[in-house]
1. Output the number of the condition that B:L154 fails; it satisfies all remaining conditions of (1) under 20 Å from B:I2 (Cα atoms); (2) in a loop (DSSP other than H, G, I, E, B).
2. What's the number of the condition A:A23 fails, among (1) closer than 22 Å to A:A78 by Cβ; (2) exposed (fewer than 13 other Cβ atoms within 10 Å of the Cβ)?
3. Wholly within segment A:1-72, which helices (runs of 4 or more DSSP H) include no fewer than the required count, namely at least 2 residues that are within 25 Å of A:L138 (Cβ to Cβ) and away from chain B (no Cβ under 14 Å)?
4. If we keep just the residues of segment B:189-224 that are assigned to a loop (DSSP other than H, G, I, E, B) and surrounded by 16 or more Cβ atoms within 10 Å (Cβ to Cβ), which is modelled with the highest pLDDT?
5. Tell me which residues, restricted to segment B:72-82, are at the interface with another protein chain (Cβ under 7 Å from one of its Cβ atoms) and over 18 Å from B:S40 (Cα atoms).
6. Any residue at all in segment B:105-120 that is closer than 28 Å to A:A245 by Cβ and either charged (D, E, K, R) or free of Cβ contacts under 8 Å to residues at least 24 places away in the same chain (or both)?
7. For residues that are within 14 Å of chain B (Cβ to nearest Cβ) and surrounded by fewer than 24 Cβ atoms within 10 Å (Cβ to Cβ), scanning just segment A:93-104, find the one that is farthest from A:V252 (Cα to Cα).
8. If we keep just the residues of segment B:83-116 that are more than 9 Å from every other protein chain (Cβ to nearest Cβ) and within 21 Å of A:T85 (Cβ to Cβ), which is farthest from the chain's Cα centre (by Cα)?
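The values are calculated or read from the model by the stated rules, or taken from the named source; none is laboratory data. Please read these numbers as outputs of a predicted model, since none were measured by experiment. Note: ideal-geometry Cβ built from the backbone for every residue, glycine included; neighbour counts use all protein chains shown.
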Amino acid sequence: MSDYYLFRTALLDHLRPGKLAAAAIMVGLSFLIGLLMRWKMDPETYLPANAYGLLTVFFVFAFVLTILSVIFCTGIVAQEVEQKTIVYLLTRPVPRWRILMIKYLVAVLVTTVIGWMAVLAAALATFGPAKLGESTVLHDMLILPVGVLAYSSIFLLMGTLLNRPLILGLIFAFGWEWFIRALPGYGQYCSIMTYIRVLAPHEGPESMIRLLSLNTVGVDPPSRAVSWIVMISVTLVALVAAIIAFSTREYVPREDAG
Amino acid sequence: MIVLEQASRWYGQVLGLNDVSCIMPVGITALLGENGAGKSTLMKLITGQLKPTTGRVLVFGEPPFANPRVFRKLGYCPEIENNYDDMTGRDFVTMLAAMAGLPSSTLKSRVAESIETVGMTGAADRKIGGYSKGMRQRIKVAQGIVHDPDALILDEPLNGLDPLGRRDISTLLHELASRGKSVVISSHILYEVEQMTRNMLLLHKGRLMAQGDIYQIRGLIDSHPHHITITTEQARPLAKHLLDLPYVSSVKFDMQDPRLLEIETRAPDQFYAQFPDIVLEHGYKITNFESPDNNLEAVFKYLVNG
């Protein structure tokens, strides 16, 4: 019963007009960029799969997925602390790990659904409605939750450990993730996005993707097996660490301490 | 029910609570102190939001930090005004009632009952964001009592309430106490606390200055004479009689009102026992008799200011 109400409350929080508008903008942008690519590129050389691949890799996975995961998951604890409503949650007979897990799963669910819509919008704009069922599209939709789970668990961990997790989360998502892949050698192995890309490859001009991602060094990407292991491990380790942190740390609104 | 054993709590270099040992029994216990005295820290320790740096805090025999077994029997009404503003009052109480473990079969009726108890039935289906301060206080109390806890902790529960609201909450707390519950309230409005309970814990700069019955505590403060004011038309002859008593240290006349006497005694109990006999024997007409020292504020001033 308590799980249902926690789930419902968390879900309703994500369905507030402001958040829905942000989701609509993400999906709308995915569609608009796709349309622009289709219209502006030379029809002779325009390849829908390439356009879709670029859009999915650089907008949906690298931006929509990460920004939503950062905002939703760093806020799971921080928002409750900031609003001081954490007091109500932590003085009820519900184990802390359950509170955290329910809120995490809601964030993952919402991010995944918005991500799926962005993938579909990208496919609709680049392929056209007749080819929405392309195997690449379906495959992206299957891998997207894997990426969401991994990123969300990392940002959840940040949210349980840091007082201002949003800024560090953004630095990680748009600083570290891009910077480390640009480093020579095996730097790309330290980026979650590398593994997502291995799991959701796109046939498009791979050289262009590599150039745009600044990954100019000829180190082989990790194998699919390694990518699965890393994604699952990162998700589990970060989740367990977040649960331990949330179950043992004190969360008291700062100005109330005294 | 609630026990602190040499509990201290540091916030980095700042001492929030210093070596406090006390027991909060069944009935109403008032937690008093100025801002920064450690009231909130003590409440957060009891409600398991903080862990003591040293010492122990036990609620129903167990440490409360992240302990669902304790929270099942504990109700908490925090001082914060922030609630889930997008929720209705009913949804807010329902969510927290469900989290408190109430079964679905009784959830709705228990929520309605607790909302009615705090007089919020008419506004329960409005969003909390539109509530006045007093309404927020009432709905907070509703969520605190909805699961019928054995101990209820209320941080400044009377803040923002109108006189009627204060009376209602006060009556409710008395009812809970009479049903064998432990009720701990913190307040800086001494007068109102005094109307609710005589059992108090007085904190000052993180230390427990005094605990127990307010009158007993007052009686133990020997270094401060006990003041009594008497209004009578026969002030002078009464003053003479009172000065003959060995435990009356001084009698003062009021310059503005010649009917008013201010007595100082170091043995108030003896004075109270003998005074009616003197009055009856000599036929004095007493129009007013009061002791400003027998209230909480006086005790508080004595203990804090020395």
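1. Failed condition: (2).
2. Of the numbered conditions (1) closer than 22 Å to A:A78 by Cβ; (2) exposed (fewer than 13 other Cβ atoms within 10 Å of the Cβ), the odd one out for A:A23 is (2).
3. Where helices (runs of 4 or more DSSP H) fall fully within segment A:1-72 and carry at least 2 residues being within 25 Å of A:L138 (Cβ to Cβ) and away from chain B (no Cβ under 14 Å), they are A:17-40, A:48-55.
4. Applying the filter and picking the extreme gives B:G206.
5. B:R72
6. The answer is no, given that none of the residues of segment B:105-120 is closer than 28 Å to A:A245 by Cβ and either charged (D, E, K, R) or free of Cβ contacts under 8 Å to residues at least 24 places away in the same chain (or both).
7. In the first step, residues of segment A:93-104 are kept if they are within 14 Å of chain B (Cβ to nearest Cβ); the result is A:93-100, A:102-103.
Cutting the leftovers down to surrounded by fewer than 24 Cβ atoms within 10 Å (Cβ to Cβ) gives us A:93-98, A:100, A:102.
Numbers: A:P93: 18, A:V94: 18, A:P95: 17, A:R96: 14, A:W97: 17, A:R98: 19, A:L100: 16, A:I102: 21 Å.
My answer is A:I102.
8. B:T88
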